[in-house]
Amino acid sequence: MSPSQFASAIRIPVQELNAAIDGQSGPPSVDLIRAVIGDGPCKARLQRLAGYLGIAAQVTFHGLLSHDRTIEVIAGSTALVMPSLSPYEFFPNALKEAMALGVPCAGYAVPGVASFDVTGHAVRLAPPGRVEELAQAAADLIDDRELARATAAAALVRVRDFDIRTTSARQAELFRALAGHTTLPAWVLAPTVE
């Protein structure tokens, strides 16, 4: 069996990414190669943490990548872990892109991440700050291929709501309603996922 890879972004405080790096409380059930995408003040500390945990050979710190290369790394991943607890993570592009690529995702149930999972099936969510539960959510996606396929399928349906054509049409509909040309669209009054 070839190693599984999960990717993560690091524009977040180091304590929030520890779950993505030392995610399992025991030996991993599969070979893991961890790909950390991004850069910032936490990178050196995360590299030291990987060395301390004895997993430095399994963690690739890509640093800043071009958009095309970022997409390539995410698309080649078994799962994406979004360990951000930030209240400012309103619309996590890495999560949206992974979902659109059919890569199953796990993350904390913070507002921006949780908004991508209104059905309860599109992202494996863990309570904010519960490192062990986030690690388990990621491990479940790696260990249970049927769960990963179902999560990715639900994500592909959900992410269509964020397609530029869909969002542009919705904005135009809303602006027409606000200008008094039509009534407010139903999705404004009671958002649902089909």
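Nothing in this text is a laboratory measurement; each read-out follows from the coordinates by a stated rule. What you are looking at is a predicted structure, and each value in this text was computed from that prediction instead of being measured. Counting neighbours? That spans all protein chains shown, and the Cβs are built from the backbone with ideal geometry, glycine included.
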As an exercise, find the ratio Rg/Rh for the range 38-110 from alpha-carbon atoms, using the Kirkwood inverse-distance average for Rh. 0.97
Determine the sum of side-chain charges near ASP140: Lys and Arg each +1, Asp and Glu each -1, restricted to other residues whose C-beta is under 11 angstrom from that of ASP140. -2
Net charge near HIS62, counting Lys/Arg +1 and Asp/Glu -1 over other residues with Cβ under 11 Å of its Cβ? +1
Row for the range 96-175, column shape: gyration tensor on C-alpha, a ≥ b ≥ c, rounded if a/c < 1.5 i.e. under 1.5, prolate if a/b over b/c, else oblate; value oblate
Given the C-alpha atoms of the range 35-194, compute the convex hull and give its volume per residue in Å³. 135
Packing-based ranking, highest mean first, of 138-144, 99-105, 41-47, 111-117 given that Cβ atoms within 10 Å are counted: 99-105, 138-144, 111-117, 41-47
For the range 87-136, what's the radius of gyration and Dmax over Cα atoms, in angstrom? 10.2, 27
Taking Cα pairs closer than 8 Å and at least 6 residues apart, the relative contact order of the range 52-194 in percent is 19
Non-local amide H neighbours of LEU65 (under 5 Å, H modeled in plane, Pro and chain starts lacking H): which ones? GLY38
